Amino acid sequence: MTVAADSGATTRRSARDRLLDAANDLFYNEGIQTVGIDRIIEHAGVAKASLYNTFGSKEELVRAYLKSRHARTTARLMDAVEKRTTPAERLLAIFDAQAEMFAQPGFRGCAFVSASAEAPQGGLVQQAADEYRDDIRSLFVRLADEAGAADPMALGHQLHLIYDGAGISARMDRDPSAALLARSAAASLLDTALRNQA
């Protein structure tokens, strides 16, 4: 699919939005190195000048793609957290949201893991991946603190490892139930952390 059938809908959407949609589709499904600028431009239905005027370079487009995924993922996680009431439920809700992501038909693993594996060290792509990981870890630490953990930093880091492992397992094993196992492991870890300090 290169351009939406409804040309009125296409013209109402900005070139930036169309480029980001194309990047989200192509980069996520095929990889950032595999997909060239010409494919993005064709898929978005814009002129080459639009890409360079809007983003300046492919690396900037990749960073914008990752930032958009970052915003969507953290919004999804926070939505799940805010629907729960107890501190433990709020923390474990992250794994419930993860389970929903894994069950989506187009799930192909973590966009940040894939992109950082393909990108050079120290560039904009690594920076975007680091920012995402910092936000996810900070969320776990904050929720561990709210749950009453004596060492929320350590518990948050451990939970983040479980979260990451579930994502890799779901992708590599093609098993969306990895999130359920991760939730169970996180619940046990949380229970042990709280019980040991009582």
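The values are calculated or read from the model by the stated rules, or taken from the named source; none is laboratory data. Keep in mind the model is a prediction, meaning the values are calculated, not measured. Cβ: placed from backbone, ideal geometry, glycine included. Neighbour counts: every protein chain shown.
For the stretch 162-188, what are the residues that are buried (at least 16 other Cβ atoms within 10 Å of the Cβ), among the hydrophobic types (A, V, I, L, M, F, W, C) and within 16 Å of residue 93 (Cα to Cα)?
Taking the stretch 162-188 first, the residues buried (at least 16 other Cβ atoms within 10 Å of the Cβ) are 162-164, 166-167, 169-171, 176, 178-183, 185-186.
Among the residues that remain, those that are also among the hydrophobic types (A, V, I, L, M, F, W, C) are: 162, 166, 170, 178-182, 185-186.
Once the filter is applied, which keeps residues that are buried (at least 16 other Cβ atoms within 10 Å of the Cβ), among the hydrophobic types (A, V, I, L, M, F, W, C) and within 16 Å of residue 93 (Cα to Cα), the stretch 162-188 yields 162, 166, 178, 179, 180, 181, 182, 185, 186.
Out of the stretch 27-57, which residues are assigned to a helix (DSSP H, G or I), without any contact (Cβ under 8 Å) to a residue 24 or more places away in the chain and surrounded by 17 or more Cβ atoms within 10 Å (Cβ to Cβ)?
Hits for the stretch 27-57 are 40, 41.
Can you tell me which residue within the stretch 106-125, out of those that are touching a Lys or Arg at 6+ places or on another chain (Cβ under 9 Å) and part of a loop (DSSP other than H, G, I, E, B), is farthest from residue 179 (Cα to Cα)?
123
If I filter the stretch 38-68 down to residues being touching a Phe, Trp or Tyr at 6+ places or on another chain (Cβ under 9 Å) and hydrophobic (A, V, I, L, M, F, W, C), which single residue comes out as farthest from residue 130 (Cα to Cα)? Don't jump to the end; show me each part of the working.
If we filter the stretch 38-68 for residues that are touching a Phe, Trp or Tyr at 6+ places or on another chain (Cβ under 9 Å), which is where we start, we get 40, 61-67.
Checking the rest, the ones that are also hydrophobic (A, V, I, L, M, F, W, C) come to 40, 61-62, 64, 66.
Numbers: 40: 25, 61: 17, 62: 14, 64: 14, 66: 11 Å.
Only one residue tops the list, namely 40.
Name the pairs: first residue in the stretch 126-151 and farther than 14 Å from residue 190 by Cβ, second residue assigned to a loop (DSSP other than H, G, I, E, B) and modelled with pLDDT under 95, Cβ to Cβ under 6 Å, at least 6 apart or on different chains?
126/119
So which of 90, 84 is at pLDDT 95 or above, in contact with a helix residue (DSSP H, G or I) (Cβ under 7 Å, 6 or more places away or on another chain) and in a loop (DSSP other than H, G, I, E, B)? Spell out the reasoning first.
Values: 90 fails: in a loop (DSSP other than H, G, I, E, B).
After applying the criteria, what remains is 84.
Evaluate the following for residue 154: is it over 25 Å from residue 188 (Cα atoms), in a helix (DSSP H, G or I) and more than 14 Å from the chain's Cα centre (by Cα)? Outline the logic, then answer.
Working: over 25 Å from residue 188 (Cα atoms): no; in a helix (DSSP H, G or I): yes; more than 14 Å from the chain's Cα centre (by Cα): yes.
No; evaluated as a whole, the condition is false for this residue.
On the given criteria, is residue 128 outside any helix (DSSP H, G or I) and buried (at least 20 other Cβ atoms within 10 Å of the Cβ)? Lay out the reasoning, then the answer.
Values: outside any helix (DSSP H, G or I): no; buried (at least 20 other Cβ atoms within 10 Å of the Cβ): yes.
So residue 128 does not fit the description; no.
Among the candidates 119, 111, single out the residue that is at pLDDT 95 or above and either buried (at least 16 other Cβ atoms within 10 Å of the Cβ) or assigned by TED's automatic domain parsing to the domain that holds residue 74 (or both).
On the way: 119 fails: at pLDDT 95 or above.
Matching residue, one of 119, 111: 111.
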